[in-house]
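S.K.: The structure is given below, and queries will be raised subsequently.
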Amino acid sequence: MEIVRYPDPRLRARNAAVERFDEDLAGVAREMFRLMYATKGVGLAAPQVGLNLRLMVFNAEGEEGRPDGERVLCNPRIVSRVRTKESDEEGCLSFPGIYGQVVRPTGVTVEAQDLEGKSRRLQLEGWEARVFLHEFDHLDGILFIDRMSPADRTRIRGQLADLEEAWRQRAQA
Ligand code: CO
């Protein structure tokens, strides 16, 4: 398993619902956490490892060995968002070295299935809500550059072009 970088088409592809809650799924989630920690990330969505499934893992504290912060969400659905929004800097493991300001709601209520397929409702706030919303976007093929402020979008244009060029060269090799 490895992290897929922009502009790999799997980041924009449709993601299917998780239907089999078995050992394989648990193994995928474990491997995603391992990769996430190894790359100093706080969240990872399945399409970012080339699996077009509605599955995400995150740990907003980003600290391995603090498993109480670990969340695995299958088929998440947003029940409600708070009205307040905030801008903060985000990065994405599929866009190494690129950061920019993104406006998002400061709280969200979510319903999702766990690795056994049991439905659970959770309330997320602040940074954790932001991490969830970023990963949730991945499940709909939306990337943080789509939501970045116009100024940041302009600022990172060269870095995006470099990623596109690197991807073209890899695809040809
Ligand atoms: Co991302």
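The values are calculated or read from the model by the stated rules, or taken from the named source; none is laboratory data. Computed from a prediction, not measured in an experiment: that's the story for all the values here. Backbone-built Cβ (ideal geometry, glycine too); neighbour counts: all protein chains shown. These area figures cover heavy atoms from the full protein model, side chains too; ligands, DNA and RNA do not enter into them. Shrake-Rupley method; radii C 1.70, N 1.55, O 1.52, S 1.80 Å.
S.K.: Helix-derived [θ] at 222 nm for the chain: sum -39500 (n - 2.57) over DSSP H runs of at least 4, divide by residue count, nearest 500?
M.R.: The helix contribution divided over the chain gives -10000 deg cm²/dmol.
S.K.: What is the spin-label model distance, in nm, from SER87 to GLU165 if the labels are put 7 Å beyond Cα along the C-beta direction?
M.R.: 3.0 nm
S.K.: Looking only at MET32, MET148, MET56, which one moves most when the chain is put into a Gaussian network model with springs between Cα atoms under 10 Å?
M.R.: Highest fluctuation of the listed residues: MET148.
S.K.: Here's another thing I want to ask about it. For labels at ALA26 and GLU63 in the simple 7 Å Cα→Cβ model, what's the distance in nm?
M.R.: Label-label distance for ALA26 and GLU63, simple model: 2.7 nm.
S.K.: Report the accessible area of ARG155, computed with a 1.4 Å probe over the heavy atoms of all protein chains in place, in Å² rounded to the nearest 10.
M.R.: Approximately 140 Å² of ARG155 is accessible to the 1.4 Å probe.
S.K.: Apply 1/(1 + (r/R0)^6) to the Cβ-Cβ distance of GLU19 and ALA151, taking R0 = 45 Å, and write down the FRET efficiency to the nearest 0.05.
M.R.: 0.60
S.K.: Of the accessible area of the chain, with the probe set at 1.4 angstrom, what percent is carbon plus sulfur?
M.R.: Result for the chain: 46 percent of the exposed heavy-atom area is carbon or sulfur.
S.K.: Largest first, how would ARG81, ARG10, ARG130 line up by accessible area (1.4 Å probe)? Don't skip to the end; give the middle numbers.
M.R.: Working: ARG81 140, ARG10 100, ARG130 15 Å².
Of ARG81, ARG10, ARG130, the descending order of accessible area is ARG81, ARG10, ARG130.
S.K.: Next up: Quote the accessible area belonging to THR39 in square angstrom, nearest 10, computed with a 1.4 Å probe and with ligands, DNA and RNA left uncounted.
M.R.: Counting only protein heavy atoms, THR39 exposes about 60 Å² to solvent.
S.K.: Follow-up. Given the C-alpha atoms of the chain, compute the convex hull and give its volume per residue in Å³. Please list the in-between numbers first.
M.R.: Values: hull volume 19.4 nm³, N = 173.
Hull volume normalised by residue count: 112 Å³.
S.K.: Efficiency by 1/(1 + (r/R0)^6): what FRET value for ARG77 and GLU125, r their Cβ-Cβ distance, R0 = 22 Å, to the nearest 0.05?
M.R.: About 0.75, to the nearest 0.05.
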